[in-house]
Structures are given as C-alpha cells and as structure tokens.
Amino acid sequence: MKYLKYLSFCLFTVFSCHTDKDDDVLATLETYISSGSYELGAVIACAASDFETNDILIFYYPEAGATNIRLFETGSVDVDKLDFSKYTRQFIVAEPFFNGHLGKFTQSCSVEKWIVVTFELNGELKISNPIRTKQITKPTVWNDNVDVDQTTSGMPNFIWEDNPVGDNAIYFQVISDDENNLLSGTYTYDNNFQYYNISNVVLNVTTQTPPSLIIGDNYNFTLMDVSLDNWVNWVVQKTFKSE
C-alpha cells in the first residue's frame, strides 16, 4: 500500500473543518450558483477515510478545461443534501492524485457532513452529486484482497469480493505504473476488470489509449467500492508484476 500512502500523506497539509469568519469564506453554494446556469451530477467525485489518520480524502476527476475547482460542505448530515444554502465554501488547496489525472482534497473533521466538489467548464458551473461522509459511522476499509489472473499475457484480470461490506453502487478501478501515472481509470458494476478490456465498463475516465504492459515490470491496482451516496466503503491496493 506504500504507493497510495505516499500520495495521501507526503503531499498534503491537513486542514481543519473550521473556516475564517469573513464574507467570502461564508459564501454559500446557493449564492455561487445564483449568477448563472449549473449542472448537478456533472463532476465525478467520492470520498474515503484515511486508514491511519481517519482524515477525509475527497477524490474528483477534473475534466480538461475545468477551472475554479472548489469544495463546499454542510455543517452536519442533518440537513437536506440538496439545499445549497447549507453548503459553505472551504478554502482547502487541492492536490494532484495519480500525478494529476485526478485531484484530491484532504480534510480533518470530527463531524460527518455532506460535501460537493464544483468547477467551471464551458461557461457553466458543474456540481458533483452530494457525498455523505462516514468517517465515524462507516470508516473506509483498506486492504489488498484481489486476485490477479494473468492467464492472458499483458492483460491481467482483477477479481475481488462482490459488495464485501454492503451498500455498493459501483466499482472504480485504476491501473497505474511504478511512478503512479494512471494508465486506465474505469467503472464497472461487476466485481472484475481486465486490462484493457472495456466490455463491462460503464464509465471511463481514461483519456488516452492505455499502453501495453511491459512483461516483468511492476504495476499498481487500486479499487474503490463506492456507495450510492458516494462514500468509499472499501479500498483495495495491490502491486503486481506483469506476466
């Protein structure tokens, strides 16, 4: 698990869930969207709890051309998740994840809440579906429980337990090289994915044709088991040698 642990711990500064008391920081998402059109569910985002610190790790996919990437949150989960007046902006600097293919906010907070990630693209505000954090009631389980079937050379097939802790909606898989460059990023409803066979892929964030794996080189497999409310229940990390 060292390669993802390095990304999660060595690059970030931990921020509190409290904000400075000035008008800009206290601006709500409702105020932000009032000046133009917006699209809900247009940012791919989810969140997990860190396996050592229990900090909240918020992952998102920044589409090409996206600007003004921002994080908004409620004060607790006991609000209407679609009431944008309850979301205030958090001034946390995003970090590159998988060397910038994805982005990540890191936050330490003692309460659970609703979170959204926003960015501007093509003159419109894009908003993620609300993420329900569960770092207290359902912390993310981190493990390396995946079978790697390399019967077909250069096309490893990854198979994992289906819905291991309940509440699964979709699976997100990343294959990365030894330098953490993302080679493929895919979503499936199935509990398996073969590199690079997209026959069961329902959403693809791979932006370039993935390279052929080099026999004998090390690669990384990362899996996120994501719930309907965009919380990551389960994270699998495993390094494998291509055969």
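The values are calculated or read from the model by the stated rules, or taken from the named source; none is laboratory data. Please read these numbers as outputs of a predicted model, since none were measured by experiment. Glycine also receives a Cβ, built like all others from the backbone with ideal geometry; neighbour counts cover every protein chain displayed.
Let's see how each residue does on (1) modelled with pLDDT under 95; (2) of a type in the set (Ser, Thr, Tyr); (3) buried (at least 19 other Cβ atoms within 10 Å of the Cβ); (4) not in a loop (DSSP other than H, G, I, E, B):
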| site | (1), (2), (3), (4) |
| --- | --- |
| Gly41 | no, no, no, yes |
| Ala47 | no, no, yes, yes |
| Ile58 | no, no, yes, yes |
| Leu82 | no, no, no, no |
| Ser85 | no, yes, no, yes |
| Val93 | yes, no, no, no |
| Gly103 | no, no, yes, yes |
| Thr106 | no, yes, yes, yes |
| Glu120 | no, no, no, yes |
Set Gly65, Gly75: member being under 13 Å from Arg132 (Cα atoms), assigned to a loop (DSSP other than H, G, I, E, B) and in the same structural domain as Lys126 (by TED's automatic domain parsing): Gly75
When residues of the stretch 129-173 are limited to those that are over 18 Å from the mean Cα position of the chain (by Cα) and small (Gly, Ala, Ser), the one nearest to Leu29 (Cα to Cα): Gly166
Selected residue (only one of Thr239, Thr188, Thr222 is touching a helix residue (DSSP H, G or I) at 6+ places or on another chain (Cβ under 8 Å) and closer than 23 Å to Ser128 by Cα): Thr222
In the stretch 108-118, the residues that are assigned to a strand (DSSP E or B) and aliphatic (A, V, I, L, M): Ile115, Val116, Val117
Evaluation of Thr28 against (1) of a type in the set (Ser, Thr, Tyr); (2) farther than 30 Å from Asn143 by Cα; (3) buried (at least 20 other Cβ atoms within 10 Å of the Cβ) (one fails), failing number: (3)
Any chance Val174 is part of a strand (DSSP E or B) and either touching a helix residue (DSSP H, G or I) at 6+ places or on another chain (Cβ under 8 Å) or not assigned by TED's automatic domain parsing to the domain that holds Val111 (or both): yes
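Residue by residue, here is whether (1) polar (S, T, N, Q); (2) at pLDDT 95 or above; (3) assigned to a strand (DSSP E or B); (4) closer than 14 Å to Ile159 by Cα holds:
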site: Asp190; (1), (2), (3), (4): no, yes, no, yes
site: Leu203; (1), (2), (3), (4): no, yes, yes, no
site: Thr206; (1), (2), (3), (4): yes, yes, no, no
site: Leu213; (1), (2), (3), (4): no, yes, no, no
site: Asp225; (1), (2), (3), (4): no, yes, yes, yes
site: Asp229; (1), (2), (3), (4): no, yes, no, no
site: Val232; (1), (2), (3), (4): no, yes, yes, no
site: Val235; (1), (2), (3), (4): no, yes, yes, yes
Some residue of the stretch 204-220 being within 26 Å of Ala42 (Cα to Cα), in contact with a strand residue (DSSP E or B) (Cβ under 8 Å, 6 or more places away or on another chain) and loosely packed, with under 14 Cβ neighbours inside 10 Å: yes
Members of the stretch 122-152 that are part of a strand (DSSP E or B), assigned by TED's automatic domain parsing to the domain that holds Ala45 and surrounded by fewer than 16 Cβ atoms within 10 Å (Cβ to Cβ): Glu124
